[in-house]
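Let me begin by presenting the structure, written as structure tokens, before commenting on it.
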Amino acid sequence: MVKVRIPRNEDQLLGLLGKINKRHECNKKKSLLNGAVNMDRLVEKSKKIRNFKDLESEPSAKKQSFDHSKSNDLKFISSEIRSIKNLLLAVYPDEPKVIKEWGFEIND
């Protein structure tokens, strides 16, 4: 069975989401993710997280609220990426090439 690595680093996680979304958009109506994952919601959360970086100079109380929201969004994105990984592994259990095409890294 193929082992797939999910990044924990924020930038790598959002980068993986970008690759997944790109593949999803290329496949359009034939995408495996249609009906399984709300990619629009994930992309929106990703954009929101990237915008948090611009708020470093905000007052601390407001920044704490943003940090909490960002943390929750990252957990949600990570969970959804795991679901996408599991779906791909279920459909393509012995085809690492296909899983790599979605942007995932395979652990050898």
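Going from the fewest other Cβ atoms within 10 Å to the most, the residues Lys100, Lys45, Lys75, Lys30 appear in the order Lys30, Lys75, Lys100, Lys45. Around the Cα centre of the chain, unit charges on the Cβ atoms of Lys, Arg, Asp and Glu (plus for the first two, minus for the last two) sum to a dipole of about 220 debye. Using a cutoff of 8 angstrom between alpha carbon atoms and counting only pairs six or more residues apart, the relative contact order for the chain works out to 50 percent. Holding the Cα-Cα limit at 26 Å, pick out from Lys3/Lys70; Lys3/Lys47; Lys29/Lys100; Lys19/Lys70 the pairs that are longer than that. Checking Cα-Cα distances, Lys3/Lys70; Lys3/Lys47 exceed 26 Å.
Neighbour counts of other C-beta atoms within 10 Å: give me Ser65, Ser78 arranged from fewest to most.
Values: Ser65 11, Ser78 17.
If I rank by nearby Cβ atoms, fewest first, I get Ser65, Ser78.
Here the gap between Lys30 and Lys100, fully extended at 0.36 nm per residue and compared with their Cα-Cα distance, gives a gain of 23.4 nm.
Can you sort Glu80, Glu44, Glu10 from fewest to most other Cβ atoms within 10 Å of each residue's own Cβ? Write out the running numbers ahead of the final one.
Working: Glu80 20, Glu44 12, Glu10 17.
Fewest-to-most Cβ neighbours within 10 Å comes out as Glu44, Glu10, Glu80.
What the Cα convex hull of the chain gives, in volume per residue, is 93 Å³. Under a 10 Å cutoff between Cα atoms, tell me which one of Lys29, Lys19, Lys47 has the largest fluctuation in the Gaussian network model of the chain. Highest fluctuation of the listed residues: Lys29.
Values quoted throughout were computed directly from the atomic coordinates according to the rules given, and no laboratory measurement underlies them. Here the structure is a predicted model, which means the values were calculated and not measured. Glycine gets a Cβ as well: all are built from the backbone with ideal geometry, and neighbour counts include every protein chain shown.
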